[in-house]
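This report refers to the structure that appears directly beneath it.
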Amino acid sequence: MVTRTTHPKIHVLPGDLVGRIAAGEVVERPAAVVKELVDNSLDAGSTFVSIEVEDGGLARITVTDNGEGMQREDAVLAFTRHATSKIRSDQDLLAIRTLGFRGEALPSMAAVAQIQLVTTVPGASVGTRLRVRAGSIESIEDAAVPAGTHIDVRELFFNTPARKKFLKTPATEFSHILQAVQQAALAWPTVHVRLTRNGQEVLHCGAVTSFRERLMQIYRASALGEMVSVHRESPGLRIDGVTIGAEHLRGSRTPQEIFVNRRPVKNATILHAVTDAYGPLLPRGRYPRFVLFLDIDPARIDVNVHPTKREIRFSDTEAVHRLVRQAVKEALGDGADTVSASSGGGAALARVIGESLRVAPRWAGDASRVAEPSHSAQPRAGIATEPLFPASVGSEMSSTAPVARGAPVEVVPFGQMDRTYLIARVGDELQIIDQHTAHERVLYERLWRARQAESAQAQALLEPIPLELPAHQRALIEPHVEELGRLGLTIEPFGLDSFLLRSVPAALGTADGLALVQGLLEDMDEWRNYASMASKMHPVIATLACHSAVRAGRHMALSEISGLIEDWAAEGMMMTCPHGRRVALRLPGEELDRIFGRD
Ligand code: ADP
Ligand code: MG
């Protein structure tokens, strides 16, 4: 029999427990404390923010700024839940221009740590010192300190052992802190940012006037040298930043920084747009690396969708996706590595000989004009006053002399090196061409065009090839059977669990049907990441082209060499294969003259 108690089963939790539960949402780990405090300093218009951390932030986190400070009554109120100076009405929620607005950070920290706050407003003769412990104010006294705010957070999670147990080592917690500080520094180049760990300086970024200079303070020059600049605008929307050149794609995903109105966020729309822009240039297991700043009218985003504000929602996702995708595509532009005849000999040579000489980004020397200092007493909208990279720099980086499709060129083949690289005179250029990637590009273009024109021809196999596939592979390929058929790759169900391969795309020449299907199956897992069928066509065709193209290591006769180069030239001499690898080195005659001192 069930024993019933006479007590009601529901009861209201005591206030301090409520505070600790709520704090858990905002203050997940020491880095969250650092982020919230630095956000507050930035919202207060500081031009200097110093962060000191001990023991991964568990023993102590101190943030000192030179911002607008707080009057005594405000300082006391700041520790009350939902007390904020940043919004007043629900109207304000529709266009938030500050990093903070929920009024939760200070009370949340206070619930799970010991806090000392010292703050003075500019011009005041005396400031305030507050001590807060486990959510309640213990003392208020006068303090004689310079204008600004100094917050000291000690013994984080002293009263929430469960939370403490889930933290990682101090080194890991510190790495999250470092990331949070770097993000703030990236978004606010005009602010002097400093971070110490157990008394040792880890990061020191003096105030600079542009995002470019700040990037250079934070990332290695060699890493930036692999980046191309991104810039594009549409009404009420602007994207700036850098993204990795297609030829430098690697397995690493850092950095992948997205800032929307200077707020670091995770955003699937932007990430997808970037990935989509690389499209078939993105081989499996490689990821784009980028630092992108999106500026948008604050009325067009909702920043109030996540307790730690690391997610946002756009009112017009499509417009954002389109802008970002186009901007990144433009930045990647085919043939960005073509030696342009007009560029200076030394620089051009460095680009021909290899990236190793390109130690500094091309815009490194251009620490140009002074941007409007963006701090003021008024919280800023985050819409920067100057494009991240001047347009002229951006366009120079992606300068390509596009070759019109079909323009006939004279090809004089000299031979092959290592059965991999073709060497030839092409028009008035000496070219070294990767036989596989060039062929891949040709096949890709042909198949793509045929598909667009709905005229892809199928080349029937003399004997259909039976394909016995395990269930999970059948499930992968089944949804694509129709689309593949339109490309000329005909796969028919055969019996209960097999297929018959009946034809291959004619544009691919004498393709090995079985290898094609195997290649497709391997790549198919990836296609789920592409939203529309139209964008799925890229990887499908890229895969088909790759598995049909001549391999490195195969001997090619001179006639084959010139045939392939003519085909590649006829397709527009594109400088990357559909997966993003380089196709050719091009050295114009004038460049040779310059190199050998004949000009
Ligand atoms: P929110 O930032 O969402 O308003 P917080 O709990 O982080 O909420 O801070 C509460 C209020 O305290 C802020 O609205 C601001 O007025 C004040 N404040 C906090 N930190 C600072 C600071 N470093 N300088 C000046 N004012 C601050
Ligand atoms: Mg705040």
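Under 12 Å from the Cβ of Arg598, count the other residues' Cβ atoms, weight Lys and Arg +1, Asp and Glu -1, and hand me the total. Walk me through the intermediate numbers first.
Values: positive: Arg594; negative: Glu590, Glu591, Asp593, Asp599.
Surrounding charge for Arg598 is -3.
Size of the dipole of the stretch 20-103 about the Cα centre, Lys and Arg at +1 and Asp and Glu at -1 on the beta carbon, nothing else charged, in debye to 20?
200 debye
Could you line up Ser46, Ser85, Ser175 from fewest to most neighbouring Cβ atoms inside 10 Å? Please list the in-between numbers first.
Values: Ser46 25, Ser85 17, Ser175 14.
With the sparsest Cβ surroundings first, the list reads Ser175, Ser85, Ser46.
Shape call for the stretch 534-573 from the C-alpha gyration tensor, a ≥ b ≥ c root eigenvalues: rounded (a/c under 1.5), prolate (a/b greater than b/c) or oblate?
Working: a/c = 4.68, a/b = 1.68, b/c = 2.78.
Oblate, because a/c is 1.5 or more while a/b does not exceed b/c.
Based on the mean of other Cβ atoms within 10 Å per residue, sort peptides 191-200, 21-30, 452-461 so the most packed one is first.
On the way: 191-200: 18.0, 21-30: 20.0, 452-461: 12.7.
Peptide ranking by packing, descending: 21-30, 191-200, 452-461.
How big is the dipole moment of the stretch 44-149 about its Cα centre under a simple scheme where the beta carbon of each Lys and Arg is +1, that of each Asp and Glu is -1, and everything else is neutral? Debye, nearest 20, please.
Details: 10 positive and 13 negative charges, 40 e Å.
Around 200 debye, computed over the stretch 44-149.
Across the stretch 430-568, how large is the tail of the calculated P(r) beyond 19 Å, expressed as a percent of all Cα pairs?
Details: 4928 of 9591 pairs.
Beyond 19 Å sits 51 percent of the P(r) for the stretch 430-568.
Could you work out the local net charge near Gly553, counting Lys and Arg as +1, Asp and Glu as -1, over the other residues with Cβ closer than 11 Å to its Cβ? Mind showing how you got there, number by number?
Details: positive: Arg419, Arg551, Arg554; negative: Asp418.
Around Gly553, the charge tally is +2.
Would you mind working out the magnitude of the charge dipole of the stretch 192-269 relative to its Cα centre, with +1 at each Lys and Arg C-beta and -1 at each Asp and Glu C-beta, to the nearest 20 Debye? Kindly include the intermediate steps, with their values, before the conclusion.
Numbers: 12 positive and 7 negative charges, 56 e Å.
Value, rounded to 20: 260 debye.
What list of ³J(HN,Hα) couplings, whole Hz, do you get for the stretch 450-464 from phi and the Karplus terms 6.51, -1.76, 1.60, once you set θ to phi - 60° and write x for glycine and proline?
Computed from phi, the couplings for the stretch 450-464 are 4, 5, 4, 7, 6, 10, 5, 8, 9, 10, 5, 7, 4, 10, x Hz.
Quick one: if you take sqrt(5λ) for each eigenvalue of the C-alpha gyration tensor of the stretch 112-190, what semi-axes come out, biggest first, whole angstrom? Don't skip to the end; give the middle numbers.
Numbers: eigenvalues 158, 95, 10 Å².
Gyration-tensor ellipsoid for the stretch 112-190: 28, 22, 7 Å.
Rg to Rh ratio, the stretch 168-289, alpha-carbon atoms and Kirkwood radius? Could you put the intermediate results ahead of the total?
On the way: Rg = 15.6 Å, Rh = 15.9 Å.
Rounded to two decimals, Rg/Rh equals 0.98.
Would you kindly calculate the mean projected area, averaged across all directions, of the convex hull enclosing the Cα atoms of the stretch 47-118, in square nanometres? Display every interim value, and only then the final one.
Details: hull surface 23.2 nm².
Over all viewing directions, the stretch 47-118 projects a mean Cα-hull area of 5.8 nm².
How many angstrom lie between the C-alpha centres of the stretch 411-485 and the stretch 200-252?
35 Å
Taking 41 Å as R0, compute the FRET efficiency from the Cβ-Cβ separation of Arg220 and Gln518 and round it to 0.05.
Working: r = 40 Å, r/R0 = 0.97.
Efficiency, from the Cβ-Cβ distance: 0.55.
Can you give the relative contact order of the stretch 190-296 as a percent, counting alpha carbon pairs under 8 Å and 6+ residues apart? The partial results should precede the final answer.
Details: 159 pairs, mean separation 27.5, N = 107.
Dividing the mean separation by the residue count of the stretch 190-296 yields 26 percent.
Given an 8 Å cut-off on Cα distances and at least 6 residues of separation, report the relative contact order of the stretch 1-157 as a percent. Before the final figure, lay out each step's value.
On the way: 306 pairs, mean separation 40.6, N = 157.
Value for the stretch 1-157: 26 percent.
Past the 16 angstrom mark, what percentage of all C-alpha to C-alpha distances in the stretch 1-51 do you count? Present the calculation step by step, with values, prior to reporting the outcome.
On the way: 809 of 1275 pairs.
For the stretch 1-51, the fraction of Cα-Cα distances above 16 Å is 63 percent.
Sorted from largest to smallest, which semi-axis lengths in Å does the alpha carbon gyration tensor of the stretch 283-324 give for its equivalent ellipsoid, taking the root of 5 times each eigenvalue? Please report the intermediate quantities before stating the final value.
Details: eigenvalues 108, 45, 19 Å².
Largest first, the stretch 283-324 gives 23, 15, 10 Å.
Restricting everything to alpha-carbon atoms, can you work out Rg to Rh for the stretch 79-151 with a Kirkwood hydrodynamic radius? Walk me through the intermediate numbers first.
Numbers: Rg = 14.1 Å, Rh = 13.6 Å.
Ratio of gyration radius to Kirkwood radius for the stretch 79-151: 1.03.
For the stretch 234-329, what's the relative contact order in percent, using C-alpha pairs closer than 8 Å and at least 6 residues apart? Intermediate results must be reported in sequence, preceding the final value.
On the way: 158 pairs, mean separation 37.7, N = 96.
Answer for the stretch 234-329 is 39 percent.
Once you have the Cα-Cα distance between Ser139 and Val12, take 0.36 nm times their residue separation minus that, and quote the gain in nm to one decimal. All intermediate terms of the calculation are to be shown ahead of the outcome.
Working: separation 127, 0.36 × 127 = 45.72 nm, distance 2.87 nm.
Gain on stretching Ser139 to Val12: 42.8 nm.
Students often check this: by mean Cβ neighbours within 10 Å, which of 465-477, 120-132 ranks highest, and how do the rest follow? Walk me through the numbers before you get to the answer.
Numbers: 465-477: 14.1, 120-132: 17.2.
Highest mean packing first, the order is 120-132, 465-477.
Taking each pair of distinct Cα atoms in the stretch 106-237 once, what is the resulting Kirkwood hydrodynamic radius in Å? Could the numbers behind the result be given before it?
On the way: mean 1/r = 0.0550 Å⁻¹.
Evaluated on the stretch 106-237, it is 18.2 Å.
Going toward the positive end of the dipole of the stretch 1-129, with +1 on Lys and Arg Cβ and -1 on Asp and Glu Cβ, which of Ala23, Phe48, Leu13 do you reach last?
About the Cα centre, the residue reaching furthest to the positive side is Leu13.
Can you put Met524, Met574 in order of Cβ neighbours within 10 angstrom, beginning with the fewest? All intermediate terms of the calculation are to be shown ahead of the outcome.
Numbers: Met524 19, Met574 23.
Going from sparsest to densest Cβ surroundings: Met524, Met574.
In what order do Arg133, Arg449 fall by count of nearby beta-carbon atoms within 10 Å, going from fewest to most? Write down the numbers at each step before the final one.
Details: Arg133 17, Arg449 14.
Ordered from fewest to most neighbouring Cβ atoms within 10 Å, Arg133, Arg449 come out as Arg449, Arg133.
If I take the Cα coordinates of the stretch 38-162 and project them onto the principal axes, what are the three extents in Å, biggest first?
Reported extents, whole Å, longest axis first: 40, 36, 25.
Largest first and in whole Å, what are the equivalent-ellipsoid semi-axes of the stretch 405-468 based on the Cα gyration tensor, each being the root of 5 times an eigenvalue? If you can, show how the numbers build up before the last one.
Numbers: eigenvalues 197, 68, 18 Å².
The equivalent ellipsoid of the stretch 405-468 has semi-axes of 31, 18, 9 Å.
Can you tell me the order of 156-166, 74-84 when each peptide is scored by its average per-residue count of other Cβ atoms within 10 angstrom, highest first?
Working: 156-166: 14.7, 74-84: 16.6.
Final packing ranking: 74-84, 156-166.
Enumerate the calculated ³J(HN,Hα) couplings along the stretch 137-146 in order (Karplus 6.51 cos²θ - 1.76 cosθ + 1.60, θ = phi - 60°), each rounded to whole Hz, writing x wherever the residue is Gly or Pro.
Result, rounded to whole Hz: 6, 9, 7, 10, 8, 6, 8, 9, 9, x.
Pop out the ³J(HN,Hα) list for the stretch 313-327 in order, Karplus 6.51 cos²θ - 1.76 cosθ + 1.60 with θ = phi - 60°, rounded to Hz; leave Gly and Pro as x.
So the J values, rounded to whole Hz, are 10, 8, 6, 10, 4, 4, 5, 5, 4, 4, 4, 5, 4, 5, 4.
Only the coordinates and a few stated rules stand behind these numbers; no lab work does. Owing to the predicted nature of the structure, the values given are computational and were not obtained by experimental measurement. Using ideal geometry, Cβ is built from the backbone for each residue, glycine included, and neighbour counts are taken over all protein chains shown.
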